[in-house]
């Protein structure tokens, strides 16, 4: 195992932050895994520690058949953000920016540099594109903030990977994944191993999130140069490992073994591994996800649990205004998987309370919420 520590620039006087990358194995193929880019989403961080222990064992046994890079703490900036006892790891406090938005878009600068050199040799194209992605990132002007520096380091380590896993969670949720529709057949084994409740599929959710910044450039380049052989060479996903409180030892170990089993199936780990379950969750268009809101301020009482299938018209939660005796029942506008609910129990209009993944597209434009 090799540990790589990157010192982040723009630290305050008398302080210093660093990003630590743990590298296992050797070879030309690579997996990149990071955890807790939203720093208060800790199930991924706990799972990453389990992965560290297992990857050390597997490396010592000579069973790794490629490089696996692991970043257990992908956001040391957000990890340090506490206000009066509350951890605020989703947005950078200074700028208000979401830590998982606005990553560098690589397809356009790569196309401008090497578009004419791309031909019929897929392996040569992959090598050239990955090399150029690294050059583009290395030659950017000096970062203007610590957040920008962090983004570039994370993407620099992931841009040449074959498989990229970004470990997150939601407030109260079933395990679910976000991925490109074209990649869903290859992710079904991992979804089955994790016992995921749903997969949310789209090519562009509208926020330049980390996983799409790794996988989408390959689609864009393939469309820009249809006569060149450009496969989807970075299989990237966001794994939402359940709820924010899902950090129990047995949960982390189960997540770890599911990920390792999938990587073994992909040829990165040798030996015998349990087969994935035959049954897998459904892949739904992300455009089919309904966000449900309260019609007025009040106390929320949820009537259904995250992970349940609900039908259109089913009552999902009540909102009570105890001063004016208003009681409102909010019902599902689509049939699908109630895959996430808010952790707060006092709400106001404009803040989502529940998410239902349906089969039919009902939204356009920006799909992700901040």
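Please indicate, with yes or no, whether at least one residue in the range 279-295 is over 28 Å from residue 205 (Cβ atoms), loosely packed, with under 15 Cβ neighbours inside 10 Å and in contact with a strand residue (DSSP E or B) (Cβ under 9 Å, 6 or more places away or on another chain).
Residues of the range 279-295 over 28 Å from residue 205 (Cβ atoms): none.
No, the conditions are met nowhere in the range 279-295.
Would you mind stating whether residue 146 is modelled with pLDDT of 95 or more, within 24 Å of residue 17 (Cβ to Cβ) and touching a helix residue (DSSP H, G or I) at 6+ places or on another chain (Cβ under 9 Å)? Criteria met by residue 146.
Inspect all residues belonging to the range 252-269 and state whether any of them is in contact with a strand residue (DSSP E or B) (Cβ under 8 Å, 6 or more places away or on another chain), in contact (Cβ under 8 Å) with a residue 12 or more places away in the chain and in a loop (DSSP other than H, G, I, E, B). Yes, because at least one residue in the range 252-269 is in contact with a strand residue (DSSP E or B) (Cβ under 8 Å, 6 or more places away or on another chain), in contact (Cβ under 8 Å) with a residue 12 or more places away in the chain and in a loop (DSSP other than H, G, I, E, B).
For the range 1-78, the strands (runs of 3 or more DSSP E) that sit wholly inside it and include 3 or more residues that are surrounded by fewer than 21 Cβ atoms within 10 Å (Cβ to Cβ) and without any contact (Cβ under 8 Å) to a residue 60 or more places away in the chain are 2-7, 18-25.
Quick one: which of 319, 300 is part of a strand (DSSP E or B), free of Cβ contacts under 8 Å to residues at least 40 places away in the same chain and surrounded by 15 or more Cβ atoms within 10 Å (Cβ to Cβ)? Before you say what the answer is, go through the steps one by one.
On the way: 300 fails: free of Cβ contacts under 8 Å to residues at least 40 places away in the same chain.
Being part of a strand (DSSP E or B), free of Cβ contacts under 8 Å to residues at least 40 places away in the same chain and surrounded by 15 or more Cβ atoms within 10 Å (Cβ to Cβ) holds for just one of 319, 300, which is 319.
May I ask you to verify whether residue 109 is in contact with a strand residue (DSSP E or B) (Cβ under 6 Å, 6 or more places away or on another chain), within 30 Å of residue 135 (Cβ to Cβ), buried (at least 16 other Cβ atoms within 10 Å of the Cβ) and at pLDDT 95 or above?
On the way: in contact with a strand residue (DSSP E or B) (Cβ under 6 Å, 6 or more places away or on another chain): no; within 30 Å of residue 135 (Cβ to Cβ): yes; buried (at least 16 other Cβ atoms within 10 Å of the Cβ): yes; at pLDDT 95 or above: yes.
When the stated conditions are applied, residue 109 does not pass them.
Would you say residue 312 is farther than 17 Å from residue 284 by Cβ and either out of contact with any helix residue (DSSP H, G or I) (no Cβ under 6 Å at 6 or more places or on another chain) or not in a loop (DSSP other than H, G, I, E, B) (or both)?
Details: farther than 17 Å from residue 284 by Cβ: no; either out of contact with any helix residue (DSSP H, G or I) (no Cβ under 6 Å at 6 or more places or on another chain) or not in a loop (DSSP other than H, G, I, E, B) (or both): yes.
Here the answer is no, as residue 312 does not meet what is asked.
Just the residues that are over 16 Å from residue 33 (Cα atoms), in contact with a strand residue (DSSP E or B) (Cβ under 9 Å, 6 or more places away or on another chain) and either outside any strand (DSSP E or B) or outside the structural domain of residue 116 (by TED's automatic domain parsing) (or both), please, taken from the range 230-246. Once the filter is applied, which keeps residues that are over 16 Å from residue 33 (Cα atoms), in contact with a strand residue (DSSP E or B) (Cβ under 9 Å, 6 or more places away or on another chain) and either outside any strand (DSSP E or B) or outside the structural domain of residue 116 (by TED's automatic domain parsing) (or both), the range 230-246 yields 244, 245, 246.
Among what's in the range 180-194 and is in contact with a helix residue (DSSP H, G or I) (Cβ under 8 Å, 6 or more places away or on another chain) and in contact (Cβ under 8 Å) with a residue 60 or more places away in the chain, pick the residue that is surrounded by the fewest Cβ atoms within 10 Å (Cβ to Cβ).
Of the residues in the range 180-194, the ones in contact with a helix residue (DSSP H, G or I) (Cβ under 8 Å, 6 or more places away or on another chain) are 180, 182-183, 189-190, 193-194.
Imposing the further condition that a residue be in contact (Cβ under 8 Å) with a residue 60 or more places away in the chain reduces the set to 189-190, 193-194.
Working: 189: 18, 190: 26, 193: 23, 194: 27.
Per the stated criteria, the residue is 189.
Scan the range 161-170 and give yes if some residue there is within 29 Å of residue 279 (Cβ to Cβ), under 14 Å from the mean Cα position of the chain (by Cα), part of a loop (DSSP other than H, G, I, E, B) and in the same structural domain as residue 26 (by TED's automatic domain parsing), otherwise no. No: the range 161-170 contains no residue that is within 29 Å of residue 279 (Cβ to Cβ), under 14 Å from the mean Cα position of the chain (by Cα), part of a loop (DSSP other than H, G, I, E, B) and in the same structural domain as residue 26 (by TED's automatic domain parsing).
Pick out the one residue from 174, 161, 149 that is within 26 Å of residue 309 (Cα to Cα) and crowded, with 19+ Cβ neighbours inside 10 Å. Full working, then the answer.
Values: 161 fails: within 26 Å of residue 309 (Cα to Cα); 149 fails: within 26 Å of residue 309 (Cα to Cα).
Result: 174 is the single residue among 174, 161, 149 that is within 26 Å of residue 309 (Cα to Cα) and crowded, with 19+ Cβ neighbours inside 10 Å.
The values are calculated or read from the model by the stated rules, or taken from the named source; none is laboratory data. Values in this document were obtained by computation on a predicted structure and should not be read as measured data. Please note: Cβ atoms are built from the backbone with ideal geometry, for glycine as well, and neighbour counts cover all protein chains shown.
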